[in-house]
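The values are calculated or read from the model by the stated rules, or taken from the named source; none is laboratory data. In this text, all values refer to a predicted model and were calculated from it rather than measured experimentally. Cβ placement follows ideal geometry from the backbone for every residue including glycine, while neighbour counts extend to all protein chains displayed. What goes into the accessible areas is simple: the full protein's heavy atoms, side chains included, and nothing from ligands, DNA or RNA. Shrake-Rupley method; radii C 1.70, N 1.55, O 1.52, S 1.80 Å.
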Amino acid sequence: MDGDLGALRSALPSYDVGAVLGRGAWGTVVEARHRGLNRSVAIKWLRPELVDDEDARSRFNAEAQVLAALDHPHVVRVYDYVEINDVCALVMERLPGGTIADRARLGPLPPQTACAYTLAALHGLEHAHHHDVLHRDVKPENLMLAGDGRLRVTDFGIAAIVGDRSQRQTQTGIALGTPAYMAPEQLTEPDRIGEHTDVWSTSAVLYELLAGQVPYEPQPTLHAALLKRANEDPRPVTGFVPDLPPRLAEAVMKGLARTIENRFPTCLDAADAIDAAAFDAWGSDWLARTGIPLQRTPPRQRAGATGAVPLIPAKPTKARPPKSPRPRSRRRLALASLAAVVATGAAGGAVVVTGNNPFASKSPHAAAGAKSAPDALPPVPAGWGDHLNAGVAVPSVTSVAEFGSGALDSYTFTGDPVAGADFRSLAGSAPAATQVQDIQATGAVPYLSTYMLRTTGHLNDDQSGKGVLKILRSPKLMKPYWESTIELLKELESVGKPVFLVVDLSVPANVQSAGGNDPRAIPAAVDSSGVTELRGLPNSFAGWAQAWVTLRNSLAPQVKLGWSVDSYGVGDYLIPNRPSDPVLAQYQQAFKEFYGRLGTKFDFIDYTVGYGDGAKIGPEYVARPSDITTLQHWVADMVSATGDRVVLDSIPAGNTVMRAVDNTDFHWQDRYVQFLLGDDPQSRARLTGLRDAGVMGLLFGPGYSAPEFTCPCDSAGDGKTDPPASGTSVIPSYSADDDGGYLAQRLTAYAASGRLTL
């Protein structure tokens, strides 16, 4: 051994070589220090007899190149690689904290600690996968700790290079004969090894850290171990840790699914699930309490993408007075459910763009990613146009003209017809028609909604749940509701052009949640309301839906009706309680059953993406890349169930680009805008994926007129977005500009350079 160290010292004269840290079948690791840099390192080199093996040597060299290309806080750093005579050595950072295997030998770790270490490993592996590098041998021995407690993934492929399949001994002393962390496909389908393989192995590490046991019980022979791995599922982790939070146990076992199709496809997906489960179990500060550093890997981008988002100068605008002097009630922040007030407007879409971005093209139809949507999708309602439209629901201080034409412009009709305070109380002889005509005059698509049933008889305290059911059952309250509906439809028809109207935002889901999954069995005053036009229709919530379609068909055939979908019907929003695949399937089935029993069909579906009742949202609500994929699946299923296209409503308008978004109340730094409209190819791919799932429109923003919400506008008229005033926690959008310049710029780029065709 001394001779070997002498050869190593000769090959690396700048290093003081110290003690041996470890030996294996492949070679030796020693500690050393670079004299000039005074840097502590670990040097790994092949056994002399392996240096002459061309295959082993070339693969060792390949590992060095792989590690040199990776740059992530959770991947071991490589400093140098040397091939001189009989020395083939890799110089890496010294990791004095030992391995996770050392920690595991002391018994199960606290669940929070186990999750923190696992997240670090998953994000390090995700970075490697971004560079097309699979580890294939993730195990506790290959997860090491730096001096600051940060976990590093080590030994990329070295075990596979030299054939070291060192057996991990169980507590009974019986060798498994193959690593306990090897995914089933590594044994049965080696041609299907992929990112999901590292997911399985890392999940097996998490299992052991939680349970003190490996996923499969020890077997007396290697043959028996292989048969069990190939034909049986791992032991449930709750068998060893019965008090483990259910969502965390579910994430662990999904990561260990024997079939690739049932497993998390990427390490980022697995990390998202564990992160969400930990937050659900231990609160938003769970990770900070562990003291374990974590650096999350951003979503991967295509080659050449920088991740930076060039900002496009916004067109200077001037502040406008509110469209309506009536303040909105914020008693209940029911997302897109624009609570009790008479009416509010919102503007959308701009048309000027400068700078270089992937949306740019000479022709809208030639834009990158602007291929036609699948032919199997349902047709788009007449009057919508042939492009995926987008818009912004902004406070009423901003005029739609400031954003240009060709996009969505939203307006909500609400109020209490019993109190005489519905849309008919607005100024003018035809206030509803006037609002629509004002929108159409800008070239925008009128995207309207009602929010009236929940406020009927309750002007200052809109109802939900059982309160909505009580209103529905009352002929006394429903009669003025239907009379107001009839007048609204007549006015909208008088416009002479198609308009799109979402029927009573949040009411369908409220009713489904409070009344059950059969709308035919939920009482509602339809025929019993005494309104002549509704005679013969069922006195049920199914009859309520049929009444809207019946009135539209007879009074306003140019009005396209939208069915509102949000959390109350499916049990929860897709964020923050991110559902597992089985739970999402339950949501989908519940929606299919409810909609299928209405006995009628609407023209499109309005799905509320936004979330949270109240001002304080929190980081757990911030979208992740995998949430876009979940949303695509959810949309595709809604389209399949209804035969209708979908508009995504109340998409959070925050971002991490403009400084005024500072995670104070109403100003959370969400990332939907960057994910869908960012200046990179991956954003375009996500947007195209939603289009191909059946989305026909996007509406950003909460739609409230309260001034403290994020405002996608240049309210100061100075052509820039200003930072918040010092000492403030709530930023008035019409005095501090807010962060909306970024959203306005990205919508400008999208509109000007080629919207996706439908």
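Within region 70-86, track down each residue that is assigned to a strand (DSSP E or B) and open to solvent by 10 Å² or more (accessible area, probe 1.4 Å).
As a first pass, look at region 70-86 and keep what is assigned to a strand (DSSP E or B): 75, 78-84.
Scanning region 70-86 gives VAL78, TYR79, ASP80, TYR81, VAL82, GLU83, ILE84.
Please determine whether any residue of region 203-223 is open to solvent by less than 20 Å² (accessible area, probe 1.4 Å), closer than 24 Å to LEU187 by Cβ, among the polar types (S, T, N, Q) and out of contact with any Lys or Arg (no Cβ under 6 Å at 6 or more places or on another chain). Yes, some residue in region 203-223 is open to solvent by less than 20 Å² (accessible area, probe 1.4 Å), closer than 24 Å to LEU187 by Cβ, among the polar types (S, T, N, Q) and out of contact with any Lys or Arg (no Cβ under 6 Å at 6 or more places or on another chain).
Among ALA547, ALA636, which is modelled with pLDDT of 90 or more and under 30 Å from GLN682 (Cβ atoms)?
Working: ALA547 fails: under 30 Å from GLN682 (Cβ atoms).
Only one candidate passes the filter, namely ALA636.
Just the residues that are modelled with pLDDT of 80 or more and either on the phi > 0 side of the Ramachandran plot or among the hydroxyl-bearing types (Ser, Thr, Tyr) (or both), please, taken from region 175-198. Hits for region 175-198 are TYR181, THR197.
Out of curiosity, is ILE486 in contact with a His (Cβ under 9 Å, 6 or more places away or on another chain) and part of a helix (DSSP H, G or I)? It would help to see each step written out before you state the result.
Working: in contact with a His (Cβ under 9 Å, 6 or more places away or on another chain): no; part of a helix (DSSP H, G or I): yes.
When the stated conditions are applied, ILE486 does not pass them.
Among the residues making up region 413-443, those that are under 26 Å from PRO475 (Cβ atoms) and of a type outside the set (Gly, Ala, Ser) are PHE413, THR414, ASP416, PRO417, VAL418, ASP422, PHE423, ARG424. Would you call PRO523 in contact with a Gly (Cβ under 9 Å, 6 or more places away or on another chain) and modelled with pLDDT under 95? Taking the combined requirement at face value, the residue does not satisfy it. Summed over region 236-278, the residues that are under 19 Å from ILE628 (Cβ atoms) and open to solvent by 60 Å² or more (accessible area, probe 1.4 Å) give a count of 1. Return a yes/no flag: does region 492-513 have any residue that is outside any helix (DSSP H, G or I), under 27 Å from VAL646 (Cβ atoms) and in contact with an Asp or Glu (Cβ under 7 Å, 6 or more places away or on another chain). The answer is yes, given that some residue of region 492-513 is outside any helix (DSSP H, G or I), under 27 Å from VAL646 (Cβ atoms) and in contact with an Asp or Glu (Cβ under 7 Å, 6 or more places away or on another chain). Any residue that is among the charged types (D, E, K, R) and part of a loop (DSSP other than H, G, I, E, B) - is there at least one of those in region 118-128? Within region 118-128, not a single residue is among the charged types (D, E, K, R) and part of a loop (DSSP other than H, G, I, E, B). Consider region 504-561 and keep the residues that are of a type in the set (Lys, Arg) and farther than 30 Å from TRP384 by Cα. The one that is surrounded by the most Cβ atoms within 10 Å (Cβ to Cβ) is ARG520. Restricting attention to region 439-460, the residues being under 35 Å from the mean Cα position of the chain (by Cα), surrounded by fewer than 20 Cβ atoms within 10 Å (Cβ to Cβ) and part of a helix (DSSP H, G or I) number 1. LEU256 satisfies every condition listed in (1) modelled with pLDDT of 90 or more; (2) more than 30 Å from GLU189 (Cα to Cα) except (2).
Of the residues in region 642-654, at least one is part of a loop (DSSP other than H, G, I, E, B), at pLDDT 85 or above and open to solvent by 10 Å² or more (accessible area, probe 1.4 Å).
Kindly indicate which of ALA128, ALA121, ALA146, ALA89 is open to solvent by less than 60 Å² (accessible area, probe 1.4 Å), more than 15 Å from ALA64 (Cα to Cα), of a type in the set (Gly, Ala, Ser) and touching a helix residue (DSSP H, G or I) at 6+ places or on another chain (Cβ under 9 Å). Let's see the steps before the verdict.
On the way: ALA128 fails: more than 15 Å from ALA64 (Cα to Cα); ALA146 fails: touching a helix residue (DSSP H, G or I) at 6+ places or on another chain (Cβ under 9 Å); ALA89 fails: more than 15 Å from ALA64 (Cα to Cα).
Result of the check over ALA128, ALA121, ALA146, ALA89: ALA121.
When LEU472 is tested against the conditions (1) part of a loop (DSSP other than H, G, I, E, B); (2) of a type outside the set (Asp, Glu); (3) within 17 Å of PHE594 (Cβ to Cβ), the lone failure is (1). Pairing each residue of region 583-602 that is over 9 Å from ALA641 (Cβ atoms) with any residue that is at pLDDT 90 or above and among the acidic types (Asp, Glu), provided the two are 6+ apart or on different chains, yields C-beta distances under 7 Å for ARG597/ASP518; PHE602/ASP644.
Taking region 674-757 and the helices (runs of 4 or more DSSP H) fully enclosed by it, the elements with 2 or more residues that are out of contact with any Cys (no Cβ under 8 Å at 6 or more places or on another chain) and at pLDDT below 60 are at 733-736. Residues in region 671-688 that are crowded, with 23+ Cβ neighbours inside 10 Å and of a type in the set (Val, Ile, Thr): how many? The qualifying residues number 1. Among the residues of region 630-661, those identified as free of Cβ contacts under 8 Å to residues at least 60 places away in the same chain and of a type in the set (Val, Ile, Thr) are THR630, VAL646, ILE651, THR656.
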